[in-house]
Each structure stands twice: as structure tokens, then as C-alpha cells.
Amino acid sequence: MNSFSKFLLFFLLCISSVNAQNEVYTSESSKQISDTTFVKLRDYSNDFIYDMKYATEDNFLKAKVYDCAECMLRLKTVKALIAANKDFLKKGYRIKLYDCYRPLDIQKKMWEIVSNPEYVADPKKGSIHNRGGAVDISLVDITGKEVDMGTSFDFFGIQASHNFKQLSKEILSKRAYLKNTMIKNGFNSFDSEWWHYNLKTGLKDKVANEKWKCD
């Protein structure tokens with residue numbers, strides 16, 4: 001074996017060793033992240049559509065209460081949401097997100113604007129959104145067009161309820177499809193809001209006030 005061949009072999013062995021060490025490091029780092037850790041959904045998947053309403057004035061509050069449009073959730077919620085989205089993708093749909101984790105300070109701000117428990121959860125009690133286990137969602141089709149669910153997001157009327165049946169068969173079918181797929185992947189539905197889903201295992205997590213940086 002000539003000098004160049006020996007050098008090449010040594011170089012390849014070094015690269016292999018570094019890669020092996022990186023794999024171990026990545027694996028160990030992953031183990032250190034608890035399922036209850038708050039993470040950004042974007043860091044785990046690029047398959048979602050974002051329309052974060054409370055980072056705009058296009059919401060029932062008529063006020064922007066988030067500094068930027070970011071979806072943070074506890075890791076276990078992210079895992080379940082990605083699993084549900086994979087099921088939707090198989091049928092030519094994907095999840096569109098309106099709201100995710102909501103820091104307690106934001107809940108207080110919302111309560112100051114609309115102090116009505118029928119529309120905003122009292123921050124003294126907190127909501128599942130403040131626990132990082134809730135998402136407000138809809139679906140878009142393969143062209144990016146939002147699926148007709150009968151009402152807009154945050155429509156506070158009986159027509160937004162899963163129990164309201166005076167809608168077209170197509171709308172009822174799409175609501176049922178959304179609900180059944182989410183339940184299959186570990187979420188509970190909220191009867192009065194077709195868009196709201198809670199992670200079953202997130203109900204007992206503590207109310208949190210985690211913040212995120214805007215890029």
C-alpha cells in the first residue's frame with residue numbers, strides 16, 4: 001500500500017469515527033429532551049400551513065397579541081400532531097394552524113380585551129392552550145385551498161359545534177374526517193368548536209409562561 005492509499009484509508013476511518021460520534025451525540029441529545037419540553041413545530045416538520053391569527057389583527061379580539069407567528073407546543077403534542085398530519089397527507093390534505101401554545105401572559109392580555117369566559121378562558125384557571133396541549137386547526141387541500149368547514153375559525157355560534165347537523169353532507173363529512181383522524185392520533189375534540197383539539201395526555205400538564213424569540 002503506497003503513502004497516498006494509507007492516507008486515504010486513515011482519512012476515511014477518521015470521518016467514519018466522527019460520524020459515529022455525532023450519531024451517538026445526537027441520540028443522547030434526543031434522549032435529554034423530555035416529552036413535556038416546549039419546542040417549535042417548524043423544527044420538527046415542514047408539512048404544515050400557518051395562519052396564526054393572534055399574531056395579526058384578523059381575529060375576534062381585533063388585536064395582535066403575539067409578537068410573531070410561531071407555533072410552540074410540548075414535544076409530545078408535536079409528535080401526535082405530526083402523526084395526524086401524516087394521515088391527512090395520505091389523502092391529499094394537510095393541517096392549517098391558527099393557534100398553538102399560548103403563554104399565560106398572552107392569556108391575561110386576551111382576558112383584558114375580552115373578559116368573557118364564553119370566549120376567553122379566565123387566566124386564573126388557565127386553558128389547555130396555556131399548557132401546550134391544544135391546537136386550533138383546519139385542513140387545506142393539495143392546492144392549498146382551505147376546506148369548507150361551515151364557519152370561519154373562532155365563529156362563536158351554534159353552527160360551529162360538532163353537534164350542529166344543519167349543514168351540507170360534504171361539510172359534515174369533512175368535520176367528521178378531521179375529528180376522527182385527530183382522535184385516532186391521541187386528541188380530544190371540543191364540542192362547541194370544530195377547530196379545537198386537546199392532546200389527551202396534556203390535560204394534567206401545568207399552565208406555563210414559556211416565551212419564544214422572533215426570528
Extension length gain for ASN209 and LYS91 (0.36 nm per residue less Cα distance), in nm, is 38.8 nm
Which residue, chosen from VAL207, ALA84, GLY150, occupies the Cα position most advanced towards the positive end of the dipole of the chain, where the dipole is computed from +1 (Lys, Arg) and -1 (Asp, Glu) charges on Cβ about the Cα centre? ALA84
Compute, for the chain, the length of the dipole vector about the Cα centre, with Cβ point charges of +1 (Lys, Arg) and -1 (Asp, Glu) only. Units Debye, rounded to 20. 560
Cα→Cβ-extended label distance, 7 Å offset, between GLU170 and VAL114, nm: 2.9
Along each of the three principal axes of the Cα atoms of segment 132-215, give the extent in whole Å, ordering the values from largest to smallest. 41, 31, 26
From fewest to most C-beta neighbours within 10 Å, the residues TRP194, TRP212 line up as TRP212, TRP194
Trypsin sites (Lys or Arg not before Pro) restricted to segment 102-208 and DSSP loop, no more than 15 other C-beta within 10 Å: LYS124, LYS125, LYS145, LYS165, LYS204, LYS206
Among the DSSP H helices of the chain, those whose Cα atoms extend at least 30 Å along the helix axis and whose mean Kyte-Doolittle hydropathy is -0.5 or higher are 3-32
Length-normalised contact order of the chain, Cα under 8 Å, at least 6 apart, in percent, tallies to 19
Of THR56, SER115, TRP194, which is farthest along the charge dipole of segment 37-202 in the positive direction, counting Lys and Arg as +1 and Asp and Glu as -1 at C-beta? TRP194
Just grab the label-to-label distance for ASP35 and ASP148, each label 7 Å out from Cα along the Cβ direction, in nm (one decimal). 4.0
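Calculate, in whole percent, how much of the Cα-Cα pair population of segment 37-202 lies beyond 23 Å.
35
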Gaussian network model of the chain, Cα within-10 Å springs - most flexible of ILE171, ILE49, ILE142: ILE142
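Readers should treat all values here as calculations from the given coordinates under stated rules, not as data from a laboratory. Predicted, not measured: the structure shown is a model, and the values here were computed from it. Backbone-built Cβ (ideal geometry, glycine too); neighbour counts: all protein chains shown.
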